[in-house]
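A.B. asks: The structure is given below, and queries will be raised subsequently.
The values are calculated or read from the model by the stated rules, or taken from the named source; none is laboratory data. Fair warning: this is a prediction, and the values are worked out from it, not measured in the lab. Positions of Cβ are backbone-derived with ideal geometry, glycine not excepted, and every protein chain shown enters the neighbour counts.
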Amino acid sequence: MSTHISRQAVAARDQARTSDGKFGQQQYARAGGVDLQQASTTPATRPDGAVAPDVKVPASAHISAGVAVREGAHIGERVRLDEGALIDRDAHVREDSVLEEGASVGAEALIRHNVTLRKRARASSHTIIGPDSVLEERSLVRRGAHIARGTTLSHDVLVDERAHVGEHVTVGASAIICEGATIRNNAQLGPGVFVAPDAIVPSGAQVPANATVQTDGSIIDWDAMRLRNRQHGAAHNRA
């Protein structure tokens, strides 16, 4: 399925916003985006699991049953891999990082030190996840995206291809950051935010829940808009 967000996808997003103020993952999938739920529940390992013979496992690492670590991968000191976790070929998982049950790291990805991937979180191939960052349950970082130091992605977040999320950013649950978008340092994105392709969110910005950041950087606060419309309607009825 293509990760490009077409005009039809944006139109479908806007239609969903108009109806209920949210653009959920299912609407995104129907509009030609990534089905995050399907992607994040794909089995990560072979049933028995395996560690490739060329992979050196430090004595301080903790490897549970059913883990798959493929050729050329690197595991740092004190790494913890829970049941069903996957590290694909030539990926690096640095010291003190944790992959919880079913979490996965794609080929040639770089997971820096003290990173946590919660249950079924995914860092796809060629991604970089900065130190001290957290990917909560079922979050998905697509190919070539970059998450910088100390950033937290809440559950069910999608960061699409070539997107860049800066340092100490907080991204709320079910937010979607589209292909090529940039979230600069210390920004805070509320739950359900939709960041359009190639949009830029400036440093320290606070984007309210369910808002849309358009490609030109302008923000549509759908919740506030609906509130104003209700207040206007109530005032009109009283008149």
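A.B. asks: Against the condition under 22 Å from the mean Cα position of the chain (by Cα), over 24 Å from residue 146 (Cα atoms) and either in a loop (DSSP other than H, G, I, E, B) or not hydrophobic (A, V, I, L, M, F, W, C) (or both), how does residue 83 come out, does it pass?
C.D. replies: Values: under 22 Å from the mean Cα position of the chain (by Cα): yes; over 24 Å from residue 146 (Cα atoms): yes; either in a loop (DSSP other than H, G, I, E, B) or not hydrophobic (A, V, I, L, M, F, W, C) (or both): yes.
When the stated conditions are applied, residue 83 passes them.
A.B. asks: For region 130-146, indicate whether the set of residues that are hydrophobic (A, V, I, L, M, F, W, C), touching a Lys or Arg at 6+ places or on another chain (Cβ under 6 Å) and part of a strand (DSSP E or B) is non-empty.
C.D. replies: Yes, region 130-146 has at least one match.
A.B. asks: When you scan region 97-109, do you find a residue that is at pLDDT 95 or above and farther than 28 Å from residue 191 by Cβ, even just one? If you could, list the steps in order and put the result at the bottom.
C.D. replies: Applying the first criterion (at pLDDT 95 or above) to region 97-109 yields 97-109.
Subsequent filtering for residues that are farther than 28 Å from residue 191 by Cβ retains 107-108.
Checked region 97-109: at least one residue is at pLDDT 95 or above and farther than 28 Å from residue 191 by Cβ.
A.B. asks: Follow-up. Of all residues in region 153-170, count the ones that are surrounded by fewer than 20 Cβ atoms within 10 Å (Cβ to Cβ) and closer than 20 Å to residue 94 by Cα.
C.D. replies: Looking only at that region, the number is 2.
A.B. asks: Okay, next question. Under the condition of being in contact (Cβ under 8 Å) with a residue 60 or more places away in the chain and in contact with a Lys or Arg (Cβ under 7 Å, 6 or more places away or on another chain), which residue from region 103-124 is surrounded by the most Cβ atoms within 10 Å (Cβ to Cβ)?
C.D. replies: 121
A.B. asks: State the number of residues belonging to region 67-77 that are buried (at least 17 other Cβ atoms within 10 Å of the Cβ) and in a loop (DSSP other than H, G, I, E, B).
C.D. replies: 4
A.B. asks: While we're on this one: Which of (1) modelled with pLDDT of 95 or more; (2) surrounded by fewer than 19 Cβ atoms within 10 Å (Cβ to Cβ); (3) not hydrophobic (A, V, I, L, M, F, W, C) is the odd one out, the single condition residue 64 does not satisfy?
C.D. replies: (1)
Matching residues to (1) under 20 Å from residue 115 (Cβ atoms); (2) in contact with a helix residue (DSSP H, G or I) (Cβ under 9 Å, 6 or more places away or on another chain); (3) modelled with pLDDT of 95 or more:
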{"position": "167", "(1), (2), (3)": "yes, no, yes"}
{"position": "187", "(1), (2), (3)": "yes, no, yes"}
{"position": "199", "(1), (2), (3)": "no, no, yes"}
{"position": "212", "(1), (2), (3)": "no, yes, no"}
{"position": "217", "(1), (2), (3)": "no, no, no"}
{"position": "223", "(1), (2), (3)": "no, no, no"}
{"position": "230", "(1), (2), (3)": "no, no, no"}
{"position": "233", "(1), (2), (3)": "no, no, no"}
